[in-house]
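**Q** I'd like to ask you about the structure that follows.
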Amino acid sequence: MAGVSVLVVILDAPVDLPAAIASARPVADQILVLDAVGGLPLDFDDVEILSHDFVDLSTAWNAARERAEGDWILMLDADQQLHADAAEIIRAAIAADDLDCGMLPERSSPTHQAQWRPRLLRNTEDLRWESAVHDVPQAWMDADGRRVRDIAAEIIRAPRAGEIIPRRHTGAAYSALLRQRVAESPDDLDAWVALGHEQVVTGALDEAQVSLEAAWALLEHHPQRQHRALPVTLKAWALLQRNKQIPAIETLSAAAGWGMMHPNITLLQGIALENLAARAPEAQQAQLYQQALTALKLGPTMKGQRFTSPVIDGATGWLADVRLGATLQALGRPREARPAFERALQVHDTLLEARLGLAETLIDTDPDRALELVDPIVTSAGVDGWLLKAAAHEARDEDPEMARALFAGLQKIKEGFQARHRRALMDELVGLLGILQGAPRSGRGAMGALGGLMTGYPPPSTASYPAPIGSANARRLAKVIGYLEAQGEGTLLQALRAPPVERLFPGISQLLAEA
C-alpha cells in the first residue's frame with residue numbers, strides 16, 4: 001500500500017492539534033507538523049516537527065511537502081479532525097488508483113453542509129503551491145490529465161463559539177501577509193477576499209467593508225464570478241452586521257443575477273428581507289416577509305449538493321429552519337412555523353431562538369407547553385423570554401401573572417429583541433393591559449386600535465384586524481368585552497356594535513352576541 005504523509009501547517013496556537021493528530025494516525029504513515037509560529041510547545045512521539053519562518057502559504061506548504069516521504073499527501077488544518085471512517089475510505093481510494101487529487105468534504109459538524117476541497121494529493125514531482133494566500137495547488141490540479149475525484153472521507157472542524165462565517169487561516173503573520181499582498185498587488189482578487197475574510201471574523205467591519213468593496217470591483221469582471229460565493233457572502237454579512245439591509249439585498253440580488261446559486265445567498269437574502277420587514281411600515285411588512293419566505297425556502301432544496309465555497313453552518317438545515325419559522329410566525333402562520341422550529345431543535349436541542357419560536361407557535365393552542373419551554377430559559381432570553389411568558393399567561397387567563405412578566409420584559413427592552421416581529425406581540429399585550437387597567441390608549445395592532453376607539457383616536461379606515469373564533473385577537477377582544485361589562489361600560493359596548501367596528505375587527509359581532 002502506498003504511504004500517506006499527513007501535513008499540518010500551523011499559523012497560530014493550535015489548541016485542537018492533539019485531536020487532529022489522533023484522528024490522522026489510522027491513515028498516516030508519516031505525520032509532519034510545520035510550525036510557522038515558532039516556539040510552540042509541541043511534543044508528539046510519532047510526529048515530525050518542522051520549524052519554519054512564515055513568508056506565505058505557498059512557501060509553507062512547499063516546505064512541508066519537501067519532507068514528505070509518502071506517495072500521497074493528506075492536508076489537514078490544526079483545528080480539523082478526520083471522521084472515524086475516513087481512514088478506510090482514503091485507503092480504498094488510494095488502492096483503486098484512479099485519481100491524482102481527492103476532493104474531501106469539510107464540515108463544522110456532522111449536520112453542516114460540506115465544502116469540498118482538494119485535500120488528498122498524489123505526491124508527484126511537479127506538486128507545488130503557488131498562491132501566497134491560499135492552500136490550493138491550483139496550477140497542479142489544472143494540468144492536463146490530472147484526475148480529480150470526490151472522496152467521501154469527511155473532515156470535521158468544530159466552529160468557534162458564536163461563529164457564523166468560518167475562519168480558516170489566522171495569526172498575525174498571515175494577516176500582515178494579506179495587507180502587504182493587497183498593497184503590492186491591488187488586482188489580486190483572492191488577496192482582497194482573504195483580507196476581508198480575516199477582518200470579518202475578527203469584527204473589524206469598517207476595514208472589512210473597504211477590502212470587500214475592492215474585491216467586489218474585481219469580482220464584477222471576473223469570468224467565473226457565478227462560482228465565487230465567498231466574497232459575496234462576506235460583503236453581504238458585513239453589511240448586515242452594520243444594519244445595512246438594502247445594500248446587502250442589492251449585493252445578493254446582483255450575485256443571483258450572475259447565475260449564482262448557493263445556500264449562503266438565499267439564506268442571507270432571507271435574513272436581510274426579514275430584518276427589513278421588521279422595520280417597515282405595517283402596510284409593507286407582509287409583502288417583505290413573503291419575499292423573505294421565498295428566499296429562505298430555497299436553502300433546504302440545496303441540501304446534499306456539492307459546493308466549493310464555504311457554506312454557512314445550517315444554511316441548508318437548522319439555521320434556515322429557524323429563520324423560516326420566524327418569518328412564518330411573523331406572517332401569522334404558526335401552524336406552518338411549528339415544524340420548522342421542531343426540525344431545528346432536533347439538530348440543536350438547546351437552541352435558544354428555536355425554543356422561543358416553538359413556544360410562540362404554541363401560545364394559542366397549548367399555553368401550558370409554551371410555558372414549559374420558556375420558563376427554564378426566561379432569564380437568559382431577554383425581553384423575548386419574558387414577553388412569551390406574559391403571552392402564555394394571558395392565553396391562560398392569568399392576567400396578574402401576565403402583567404408581572406410583561407413588566408419584567410419591558411425592563412429589558414433596551415437589550416433588543418431576539419426576533420423583531422415580537423415587538424408586535426409586545427404592542428398587543430401593552431395595549432391589552434392598558435385597557436384592563438382602565439387606561440386605554442391608541443397604538444399599533446388590534447389592541448392599540450381598540451384603545452384608539454375608546455379614547456377618540458380611531459385608526460385609519462383601511463385597517464383591519466380579523467378576530468375569528470379561536471384566534472388571539474378573538475380571545476383578547478372577548479376579554480375586553482367581559483371587562484367592559486363588569487365595569488358597566490354600556491356606552492362603549494354599544495359603540496363596539498357599530499358597523500365600522502365590524503369592518504375593523506371582523507368577527508367582533510359574534511363575540512358581542514355571545515357575551
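The values are calculated or read from the model by the stated rules, or taken from the named source; none is laboratory data. Not measured: the values here are computed from a predicted model. Heads up, the Cβs are rebuilt from the backbone with ideal geometry, glycines too, and the neighbour counts pull from every protein chain shown. With ligands, DNA and RNA removed, areas are computed over all heavy atoms of the protein, side chains included. Shrake-Rupley method; radii C 1.70, N 1.55, O 1.52, S 1.80 Å.
**Q** What 222 nm value per residue comes from the helices of the chain, counting each DSSP H run with n ≥ 4 as -39,500 (n - 2.57) and dividing by all residues, nearest 500 deg cm²/dmol?
**A** My calculation for the chain gives -16000 deg cm²/dmol from helical runs alone.
**Q** Using a 1.4 angstrom probe and counting only protein chains, how large is the accessible area of His348 in Å², to 10?
**A** Spelled out: His348, probe radius 1.4 Å, area about 60 Å².
**Q** In what sequence, highest mean first, do 210-221, 132-143 appear when ranked by Cβ atoms within 10 angstrom?
**A** Result, highest mean first: 210-221, 132-143.
**Q** Starting from 0.36 nm per residue, how many nanometres of slack lie between Lys479 and Val148 once their C-alpha separation is accounted for?
**A** 112.3 nm
**Q** Would you list Glu66, Glu130 from the most to the least accessible area, probe 1.4 Å?
**A** Largest accessible area first, the residues go Glu66, Glu130.
**Q** Follow-up. At 1.4 Å probe size, what's the solvent-accessible area of Thr365? Round to the nearest 10 Å².
**A** Here the residue's solvent-accessible area equals roughly 100 Å².
**Q** Still on this structure, please answer the following. Using Cα centres only, tell me the gap between region 285-315 and region 13-86 in whole Å.
**A** The two parts, judged by their Cα centres, are 36 Å apart.
**Q** When only the heavy atoms of the protein chains count and the probe is 1.4 Å, how do Arg422, Arg181, Arg122 rank by accessible area, highest first?
**A** The most accessible residue leads, giving Arg181, Arg122, Arg422.
**Q** Listed highest first by mean packing, meaning other Cβ atoms within 10 Å per residue, what order do 233-241, 471-479, 484-492 come in?
**A** 233-241, 471-479, 484-492
**Q** In debye, nearest 20, what is the charge dipole magnitude of the chain about its Cα centre with +1 on Lys and Arg Cβ and -1 on Asp and Glu Cβ, if you could check?
**A** Value, rounded to 20: 2200 debye.
**Q** Additional query: Please state the charge dipole magnitude for region 220-301, taken about the Cα centre, from unit charges on C-beta atoms (+1 on K and R, -1 on D and E), reported in debye and rounded to the nearest 20.
**A** 200 debye
**Q** Put Leu189, Leu42 in order of accessible area, largest first, 1.4 Å probe: what do you get? Each step should come with its number before you reach the end.
**A** Values: Leu189 15, Leu42 40 Å².
From most exposed to least exposed: Leu42, Leu189.
**Q** Would you work out the relative contact order for the chain, in percent, from Cα pairs under 8 angstrom that are 6 or more residues apart?
**A** Values: 866 pairs, mean separation 40.2, N = 515.
Computed value for the chain: 8 percent relative contact order.
**Q** Something else: If Lys and Arg each add +1 and Asp and Glu each add -1, what is the summed charge of the other residues whose beta carbon sits under 13 Å from the beta carbon of Tyr289?
**A** Working: positive: Arg279, Lys297, Arg323, Arg333, Arg420; negative: Glu274, Glu282, Glu336.
Its environment carries a net charge of +2.
**Q** Here's something else I'd like to know. Among all the aspartates and glutamates, which ones have a C-alpha under 18 Å from Lys479's C-alpha, if same-chain residues fewer than 8 places away are not counted?
**A** Asp364, Glu394, Asp397, Glu398, Asp399, Glu401, Asp427, Glu428, Glu489, Glu502, Glu514
**Q** OK, next. Report the one residue of Ala2, Leu40, Ala22 whose Cα lies farthest in the direction of the positive end of the charge dipole of region 1-46 (charges on C-beta: Lys and Arg +1, Asp and Glu -1; origin at the Cα centre).
**A** My answer, from the dipole projection, is Ala2.
**Q** Can I ask one more? With an 8 Å Cα cut-off and a minimum separation of 6 or more residues, compute the relative contact order for region 363-484 in percent.
**A** 17 percent
**Q** When the accessible area of the chain is computed with all protein chains present and a 1.4 Å probe, what percentage of it is carbon and sulfur?
**A** Whole-percent figure for carbon plus sulfur exposure: 50.
**Q** P(r) tail for the chain, what percent of Cα pairs lie past 31 Å?
**A** When all Cα pairs of the chain are counted, 55 percent exceed 31 Å.
**Q** Of Leu351, Thr316, Gly382, which is farthest on the positive side of the dipole of region 259-410, counting Cα position, with +1 on Lys and Arg Cβ, -1 on Asp and Glu Cβ, and the Cα centre as origin?
**A** Value: Thr316.
**Q** Another question about this same structure. In debye to the nearest 20, how big a dipole does region 79-131 give about its Cα centre with +1 on each Lys and Arg Cβ and -1 on each Asp and Glu Cβ?
**A** Using only the charged Cβ atoms, the result is roughly 200 debye.
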